[in-house]
Amino acid sequence: MGKTVKIDDLAEEVMKGLTEYSKLATADMKKAVKKAGNDVRKEIQSTAPKETGAYAKSWAVKTTRESAEKLEVTVHSKNRYQLAHLLEFGRAKRGGGRTKAQPHIAPAEENGINALEKVIEKALKG
């Protein structure tokens, strides 16, 4: 005959397994978010307008929020944040007209989001 298992013991073991899986999945997702943030930073740096190169070099990734279950990172220009908006969307010129918009942030953000979604979908499918 088979071994008798108490329901409470079985439930406890299942919960331990689920908790362990959750911790591993969370760690993997946090790694994926950090990688996506760094990939976005690198793409912005490579596609940013380069007059002196200082603007492109000013991009960084910082952890905005982190808890046991979640991680939020922000890709930002450290000391040239005002210039980022003007380059991305263009601006009005003093004598009339507008400068040409040079989108380099939005495409990188979209690529980062798509890449992160693919990594998450792949991880969930196993």
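The values are calculated or read from the model by the stated rules, or taken from the named source; none is laboratory data. Just so you know, these numbers come straight off a predicted model, no measurement behind them. All Cβ positions, glycine included, derive from the backbone under ideal geometry; neighbour counts span all protein chains shown.
Results, tabulated for the structure shown:
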item	result
Subset of the range 55-87 (residues that are small (Gly, Ala, Ser) and free of Cβ contacts under 8 Å to residues at least 40 places away in the same chain)	56, 58, 60, 67, 77, 84
Residue tally, condition within 14 Å of the chain's Cα centre (by Cα), among the aliphatic types (A, V, I, L, M) and over 22 Å from residue 118 (Cα atoms), over the range 26-72	1
Any hit, the range 20-27, residues being at pLDDT below 90, surrounded by 13 or more Cβ atoms within 10 Å (Cβ to Cβ) and of a type in the set (Gly, Ala, Ser)	yes
Cross-chain or 6+ apart pairs with Cβ under 6 Å, the range 88-110 first and aliphatic (A, V, I, L, M), then surrounded by fewer than 11 Cβ atoms within 10 Å (Cβ to Cβ)	92/98
Hits in the range 26-51 - residues which are part of a helix (DSSP H, G or I), touching a strand residue (DSSP E or B) at 6+ places or on another chain (Cβ under 9 Å) and not charged (D, E, K, R)	26, 29, 33, 36, 37, 38, 40, 44, 45
